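Down below is the structure, laid out as structure tokens.
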Amino acid sequence: MKQFLILLVLFFIVTGVSAQQPMSLKDATLGSSSYLKPEMPEQVKWRDSNHFVMVKDSILLQQEIQKKNEMKIISLSELNAALKVNGLKAIKTFPRFSFIDPAQIWFRANNKVVILNLDNKKVIKNIEYPEDAENLDFCTTNSTLAYTIKNNLFIAGNSGVQQVTNDQEPHIINGTTVHRNEFGIDKGTFWSPAGNKLAFYRMDETMVGDYPLVDFMAREAELVNIKYPMAGMTSHQVKLGVYNTATKQTIFLKTGEPLDHYLTNISWSPDEKSIFIQELNREQNHMKLNQYDVITGDLIKTVLTEQDNKYVEPVHPILFSKVDPEKFYYQSRRDGWNHVYEYNIQGELIAQITKGDWEVTDLAGFDAKEENMFFEATKESPIERHFYRVNLRSGKTDKLTAEAGTHSCIMSPDQQNIIDRWTSTNIPGQLDLISLKKNGKQVLFEAVNTLKEFDLGENTVFTIKAADSNTDLYCRMIKPNNFDPAKKYPVIVYVYGGPHAQLVNKTWQNDARWWQYYMASKGYIAFTVDSRGSENRGKNFENAIHRQLGVVETADQMKGIDYLKSLPYVDVNRIGVHGWSYGGFMTLNLMLKHPETFKVGVAGGPVVDWSMYEVMYGERYMDTPQENPLGYQNSNMLNYADKLNGKLMLIHGVQDPTVVMQQSMQFLKKCIDLDKQVDFFVYPTHEHNVRGNDRLHLMEKISNYFLENL
């Protein structure tokens, strides 16, 4: 009997272990965004100071802060019934919505903006827009919708449809993003606080040469021209128009010359009489915060300026005080880190609100009397995000989130409670209600670990020293499944290395790409390091790469390689590298500048020659080719192609408007001239990355290349 029980225990142990399985390529590629994505409540929002709502299973639920009750507000079927009463088509999923007030929400459905009363479940109003409308911008204060059709701007509301612009030249474009979405620009229209006026970008691209893309999917291949100003070349010109909805007249602000400067971070004054623009010169080293009169278009004054011998990158509009319209809050890296400053509109500094060797990553708002400011920051660690409250008078700062990880919080209207959505290495997702008044916490929801049935390699985060011997760099390593320290393993380095990206974070699975787990299951060590040049580590950490892209980052990546080579279980003769976009550029840097180290590389959408990259991004980090010929020469991968020694594959989207395929084509031609073998694969219908179901094909292509050659 005793032997039988022992065998039974062993059976359950064995079957329990065998139940875990390695991650498949489909799981790694498509699962993370669909069937293996941890389920969390969606659209969590405050309805008022005592109630918040969320969507679960296509039902809008409400909860009271003092209770744990969930009350149904409206289901998808009830919402569709309300649409049907008004002759509107049904929708298949619960829509993305926003509150107008506690009783009313608005959402988009079947070419309509719908306003719904939650109390009686009735549609109050719907505003129709054409099927080809884009760049929708709904003003809740006057229920008016701005949108674009092709290159012109329209608004629709109580007085019908008004055509704001009527430019016949297709390359004069109104109401869209400009400056290739740099400088935090993500929209092209800006409603005034009361909705009486609409500011909009007008971009003139007629002076920019045509750049050809080819659509090979037509019966006869078709030419598709885009405007792509390359570094050092003629750029487009932008104006800011202001449309008065009452007079139906437009004036353009007199932003002056030179015409190829950058108009960024548009802000309205609370009284709707002024617009503030953070204007940046073409060199991107001198920013002026200018105030304009919206009636005459005249410049009123330059409120403040900011200069840097490398570059200034404004990405946050100023935020006006709600208790004193003569004051505003301004985010800047002028002391080396992104912090919040308080100014008056005369340009006089009142106070620096936050300070320290860390970055404010989100200014969340203020309490009613503006005695305290709430913000998200890297104060605890560059790889964590926490929520804080700082007293504007005393400077006393309170950390409001507790657990190590990455927190994203929304405050109640009375600023007494916070909903904290957070994740950490072993936490796939959690939703907490934090009471600031009672200093208490209620767990609202805990996501289920969807990877618990998978056998995953050990995932650790640690630091090494950068090439300057002083700076800490964060690394992530995933060891192979069933790791044996007595064996030797090949390594695949996943790299990016450039600005506005951070690959190692204390989020679920330490922000690992699940493809790295798949390769770990195939016997590879997966390694990543955030080198200097990457995000959220301060100005000096980022701009160390200025005028010399690929130099500092490569030196730091090689410090990661030195660490790997120090490990007894790393096969130093089998090290590969893969990256996309800037990571594709870095893959080439590592393969070509250190051919003795890297045996295999896959470069996706790589920048090869920065003189063939676009103006705004390229000139910020490299200046122009005329100003920095040596920097462009040293960062041009064509000049190192003769060093190619290992197996290299380039992958590119044929329709790529970001890193144009000319980059890969020139590298291929150089390799042919040098009699260097290189592999190449294209995705005919894709742009800068390969998305959708085709991504599984892409990742199989990349995986097989390493499996066959490393």
Checklist entry - Inside region 424-464, can you point out the residues that are closer than 27 Å to Asp398 by Cβ, outside any strand (DSSP E or B) and of a type in the set (Ser, Thr, Tyr)? => result Thr425
Next on the checklist: Only one of Glu279, Glu283 is in a strand (DSSP E or B) and of a type in the set (Asp, Glu). Can you tell me which?
Outcome noted: Glu279
Checklist entry - Does Leu650 meet the test of being touching a residue at least 40 places away in the same chain (Cβ under 8 Å) and closer than 19 Å to Gln677 by Cβ? => result yes
Next on the checklist: From the list Val164, Val178, exactly one residue is touching a residue at least 60 places away in the same chain (Cβ under 8 Å) and within 28 Å of the chain's Cα centre (by Cα). Which is it?
Outcome noted: Val178
Checklist outcome for this item: In the set Asp335, Asp324, the lone residue that is part of a loop (DSSP other than H, G, I, E, B), over 30 Å from Val529 (Cβ atoms) and of a type in the set (D, E, K, R) is Asp324
Next on the checklist: Taking the criterion of being in contact with an Asp or Glu (Cβ under 8 Å, 6 or more places away or on another chain) and without any contact (Cβ under 8 Å) to a residue 12 or more places away in the chain, would at least one residue in region 224-242 satisfy it?
Outcome noted: no
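Among the residues of region 166-217, count how many are among the basic types (Lys, Arg) and not in a strand (DSSP E or B).
Summing the residues that are among the basic types (Lys, Arg) and not in a strand (DSSP E or B) in region 166-217 gives 2.
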Item to check | Cβ-Cβ under 6 Å pairs, at least 6 apart or on other chains, region 443-457 side among the aliphatic types (A, V, I, L, M), far side surrounded by 15 or more Cβ atoms within 10 Å (Cβ to Cβ) and not in a loop (DSSP other than H, G, I, E, B) | outcome: Val443/Asp432; Leu444/Leu431; Leu444/Leu433; Ala447/Pro428; Ala447/Gly429; Leu456/Tyr517
Checklist entry - Among the residues of region 86-97, is any under 32 Å from the mean Cα position of the chain (by Cα), within 22 Å of Ile418 (Cα to Cα) and buried (at least 17 other Cβ atoms within 10 Å of the Cβ)? => result yes
Checklist entry - Does region 75-88 contain any residue that is in a strand (DSSP E or B) and within 25 Å of Gln415 (Cα to Cα)? => result no
Next on the checklist: I want to confirm something. Restricting to region 529-572 and keeping residues that are of a type in the set (Val, Ile, Thr) and in a loop (DSSP other than H, G, I, E, B), which single residue is surrounded by the most Cβ atoms within 10 Å (Cβ to Cβ)?
Outcome noted: Ile545
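Could you grab me the full set of residues in region 563-581 that are more than 22 Å from the chain's Cα centre (by Cα) and in contact (Cβ under 8 Å) with a residue 60 or more places away in the chain?
Tyr563, Leu564, Pro568, Tyr569, Val570, Asp571, Arg574, Ile575, Gly576, Val577
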Checklist entry - Is there a residue being modelled with pLDDT of 95 or more, out of contact with any helix residue (DSSP H, G or I) (no Cβ under 8 Å at 6 or more places or on another chain) and surrounded by 21 or more Cβ atoms within 10 Å (Cβ to Cβ) anywhere in region 492-504? => result no
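The values are calculated or read from the model by the stated rules, or taken from the named source; none is laboratory data. The model shown is predicted, which means the values in this text are computed figures rather than measured ones. Note that each Cβ is placed from the backbone with ideal geometry, even for glycine, and that neighbours are counted across all protein chains shown.
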